[in-house]
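To start, the structure itself, in structure tokens.
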Amino acid sequence: MKTLLRLEELAQLLACIVLLAMNAVPWWAYLLLVLGPDIGMLGYLAGPRVGAFTYNLLHHKGIALLVALAGLASEGLNLLMATPQLGHVLLITSLLLFGHSCLDRFLGYGLKHGDAFQHTHLGWIGRKGMK
């Protein structure tokens, strides 16, 4: 079952990459896909509870979907008001967030519990996970 779930995450990641390619994003956007949301780890400088919150905020697929919905809503407004393409930027951002979350889950990293960085919703990572 674990392999099946990892393959599901890989399929979602590949879908995000294809959608990014279809939107002709610049090369540096793929760097953001790999590393961008990990800026949430800086919250761990303030402690594990704050770190888990900031990390999870940028790694939660639901947040990525909310950003996508905001982008779709903004796209509708753009058609009415002829405003800049904020909706497109939000949609690309949501693909980066969602794709990064898929990559992390494929690699075995999950959302963090507030007690330790290594404690995720997928289990323990690192040495504790080997016990």
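The values are calculated or read from the model by the stated rules, or taken from the named source; none is laboratory data. Values in this document were obtained by computation on a predicted structure and should not be read as measured data. Counting neighbours? That spans all protein chains shown, and the Cβs are built from the backbone with ideal geometry, glycine included.
The residue that is modelled with the highest pLDDT, among those in segment 98-131 that are surrounded by fewer than 16 Cβ atoms within 10 Å (Cβ to Cβ) and either on the phi > 0 side of the Ramachandran plot or assigned to a helix (DSSP H, G or I) (or both), is L107. Can you find a residue that is under 24 Å from H113 (Cβ atoms), surrounded by fewer than 17 Cβ atoms within 10 Å (Cβ to Cβ), of a type in the set (A, V, I, L, M, F, W, C) and within 18 Å of the chain's Cα centre (by Cα) anywhere in segment 58-73? Yes - at least one qualifying residue is present in segment 58-73.
Residues are listed down the side, and each one gets a yes or a no for (1) at pLDDT 95 or above; (2) in contact with a helix residue (DSSP H, G or I) (Cβ under 9 Å, 6 or more places away or on another chain):
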position	(1), (2)
M1	no, no
L10	yes, yes
V18	yes, no
I39	yes, yes
F53	yes, yes
N56	yes, yes
K61	yes, yes
L65	yes, yes
A70	no, yes
